[in-house]
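As C-alpha cells, the structure follows; a few thoughts come after it.
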Amino acid sequence: LLSGTIASNVVRGATDKGVICFVKHFALNERESNDRNQLFSWCNEQAMREIYLKPFEMAIKEGGSLGVMSSFNYIGTEWAGGNSTLLTDLLRDEWGFEGLVITDAHVYPYMDTIAMSYAGGDLSLDAVGAWAPFDSHAGQLLDAAKNPDTQIGMTRNLFRASKNILYAVCQTWAVE
C-alpha cells in the first residue's frame, strides 16, 4: 500500500508536467545485484496480486502511468517481457493500461523480441541497436514483418505497438 501510494503520487505529479513515468520492473523483480540474468521467480497468484502487483496497479489506475518497463526475470518458466498473461491479460485488459511497455535493457539471449511483440510489449530497449540498427532487434521485427509465415501477426503487432507509443507521447503534448 505504501509503495503504491508513493508510486501513484510520483507518477501523477510527473505526468501532470508532461513526463512519461516508466514504472519498473514489472514484475517480481527480486534481485538488483549479482546479475539478474535468468532469475526465476516463483509465486502464487494470490500473493502476486495482493503484494507484488498492487503497487504497479495503483501507479497505473490512480497515478495514470503511461509507461511500464518489463523485467529481466522469469515468472515461473516464462520471461516477464514475453509474458502475455502479464502484459496483455492483466496490464491492458484487466487494468485498462493504454500506454507503452518497454523491456529492460535487452541484452540477454533469452529476451526474445518477437515473443515480446506477441505478448503485448511495444518497444525493445536495445542496448546495441544504435550501432547496428538492422542487425538488431528492429531488424528482427522488420524481418518477421516481411516473412510470409509471420507477416500478418507481426504487422498487427507493429501497428499496435506504434499506436501505444504514439498515444503515450501525444499525452505529453496535451499538458499546458
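The values are calculated or read from the model by the stated rules, or taken from the named source; none is laboratory data. The structure presented is a predicted model; accordingly, all values stated were derived computationally and were not measured. Glycine also receives a Cβ, built like all others from the backbone with ideal geometry; neighbour counts cover every protein chain displayed. Surface areas here come from the heavy atoms of the whole protein model, side chains and all, with no ligands, DNA or RNA. Shrake-Rupley method; radii C 1.70, N 1.55, O 1.52, S 1.80 Å.
Ranked highest first by average number of other Cβ atoms within 10 Å, how do 137-148, 62-73, 39-50 line up? Mind showing how you got there, number by number?
Details: 137-148: 15.2, 62-73: 22.8, 39-50: 12.2.
Per-residue mean Cβ counts within 10 Å order the peptides as 62-73, 137-148, 39-50.
Excluding ligands, DNA and RNA, what is the solvent-accessible area per residue of region 14-149 at a probe of 1.4 Å, expressed in Å²?
Computed with neighbouring chains in place, this is 50 Å² per residue.
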Subject >> Backbone HN-Hα couplings from phi across region 143-149 [Karplus 6.51/-1.76/1.60, Hz, Gly and Pro as x] >> reply: 4, 5, 6, 8, 6, x, 6
Original post:
Along region 163-173, what does the Karplus equation 6.51 cos²θ - 1.76 cosθ + 1.60 (θ = phi - 60°) give for ³J(HN,Hα), rounded to whole Hz, x for Gly and Pro?
Top reply: 4, 5, 5, 5, 4, 4, 5, 5, 5, 6, 7
Original post:
Which three lengths, in whole Å and largest first, does region 1-77 cover when its Cα atoms are put on their principal axes?
Top reply: 37, 26, 17
**OP:** Amide H neighbours of S41 under 5 Å, at least 5 residues apart or on other chains, H built in the peptide plane: list them.
**Re:** Y74, I75, G76
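What size of dipole, in debye to the nearest 20, comes out for the chain about its Cα centre when the only charges are +1 on Lys and Arg C-beta atoms and -1 on Asp and Glu C-beta atoms? Please report the intermediate quantities before stating the final value.
On the way: 13 positive and 21 negative charges, 59 e Å.
Roughly 280 debye, rounded to the nearest 20.
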Subject >> Interchain or long-range residues, amide H under 5 Å from V23's placed H >> reply: G67, V68, M69
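Could you tell me what fraction of 2.2 N^0.38 Å the Cα radius of gyration of the chain comes to, as a two-decimal ratio? The partial results should precede the final answer.
Details: Rg = 16.1 Å, N = 176, 2.2 N^0.38 = 15.7 Å.
Rounded to two decimals, the normalised Rg is 1.03.
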Original post:
Once the whole set of protein chains is in place, how much accessible area is left on D149, using a 1.4 Å probe, in Å² to the nearest 10?
Top reply: 140 Å²
Subject >> Protein accessible area in the chain, 1.4 Å probe - carbon and sulfur % >> reply: 57 percent
**OP:** Determine ³J(HN,Hα), in whole Hz, for all residues of region 118-127 in sequence, where each value follows from phi through the Karplus function 6.51 cos²θ - 1.76 cosθ + 1.60 and θ = phi - 60°; x replaces Gly and Pro.
**Re:** 5, 7, x, x, 10, 9, 9, 7, 7, 6
